[in-house]
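*Asks:* Sharing a structure with you now.
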Amino acid sequence: RRLASDWALVAREFGKEDRHHRLNARLARWLPSHVVEDGSNRVLDAATSWLERYFAGDAADARALPLAMHGTEFERRVWEQLLEIPPGETRSYGDVAAVLRIRNGARAVGLANGANPLSIIVPCHRVIGSNGTLTGYGGGLDRKQWLLEHERRWSQSGAARLF
């Protein structure tokens, strides 16, 4: 499920019903007068193209997409930092907190990571536990593992131009 205005992608969420409830609550908080309509526009078309290229192993840098990351200032800082993690690599919640200069901020980073409304595009799947384990992912840990393996396969093969 992808949601966009005429100028930016607002959300990209997995098809799980419980995730849609959370997304709708988030939209009501940050965009109280929003209206969701079926359709397409240039932003949705660009996001669809990017996702097709991502799954084909041709693209992973979402900074070229127009993104509207609605959240608190802290959440937006975390999400911007997620965009800096190279495909096929991971960082711990503590690593992200350290870059943001948030002492003992791993838990806060985890909460912001979990609130990310642009799954896959803003790569929250690249954040793992400090002991290297996969932790919390709205799409499920099996999907998180698959995404990381997909990125590693393409980024290490040198086959993809944009990874």
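*Asks:* Could you calculate the FRET efficiency of residue 7 with residue 131 from 1/(1 + (r/R0)^6), where r is the beta carbon distance between them and R0 is 41 Å, rounded to 0.05?
*Replies:* 0.50
*Asks:* Also: Show the residues, 5+ positions off or on another chain, whose built amide H is closer than 5 Å to the amide H of residue 5.
*Replies:* 10
*Asks:* For the chain, with every protein chain kept in place, what is the accessible area per residue (1.4 Å probe, Å²)?
*Replies:* 54
*Asks:* Now, a different point. Roll a 1.4 angstrom probe over the protein heavy atoms and tell me the percent of accessible area of region 25-115 that is carbon or sulfur.
*Replies:* It is 49 percent, rounded to a whole number.
*Asks:* Between residue 42 and residue 63, what length in nm is gained on full extension when 0.36 nm per residue of separation is reduced by their alpha carbon distance?
*Replies:* 6.0 nm
*Asks:* With a point put 7 Å past each Cα toward its Cβ, work out how far residue 83 is from residue 25 in nm, to one decimal.
*Replies:* 2.7
*Asks:* Could you tell me the ratio Rg/Rh of region 88-146? Both radii from Cα atoms, Rh via Kirkwood.
*Replies:* Dividing the radius of gyration by the Kirkwood radius yields 0.94.
*Asks:* Name the long-range amide H neighbours of residue 92: under 5 Å, sequence gap of 5 or more, or other chain; modelled H, no Pro or chain starts.
*Replies:* The list, which skips near neighbours in sequence, is 128.
*Asks:* Now for a different question. Nearest 20 debye, what's the magnitude of the dipole of the chain about its Cα centre given +1 on Lys and Arg Cβ and -1 on Asp and Glu Cβ?
*Replies:* 400
*Asks:* Please give the contour-minus-distance gain from residue 143 to residue 107: 0.36 nm per residue of separation, less the Cα-Cα distance, rounded to one decimal in nm.
*Replies:* This chain segment gains 10.8 nm when fully extended.
*Asks:* Here's something else I'd like to know. Restricting to Cα pairs below 8 Å that are 6+ residues apart, what does the relative contact order work out to for the chain? Please round to a whole percent.
*Replies:* This gives 26 percent for the chain.
*Asks:* Order 89, 73, most accessible first, counting only protein heavy atoms with a 1.4 angstrom probe.
*Replies:* Order by accessible area, largest first: 73, 89.
The values are calculated or read from the model by the stated rules, or taken from the named source; none is laboratory data. Since this is a predicted model, take the numbers as computed values, not measurements. Please note: Cβ atoms are built from the backbone with ideal geometry, for glycine as well, and neighbour counts cover all protein chains shown. Only protein heavy atoms, including side chains, enter the accessible area calculation; ligands, DNA and RNA are left aside. Shrake-Rupley method; radii C 1.70, N 1.55, O 1.52, S 1.80 Å.
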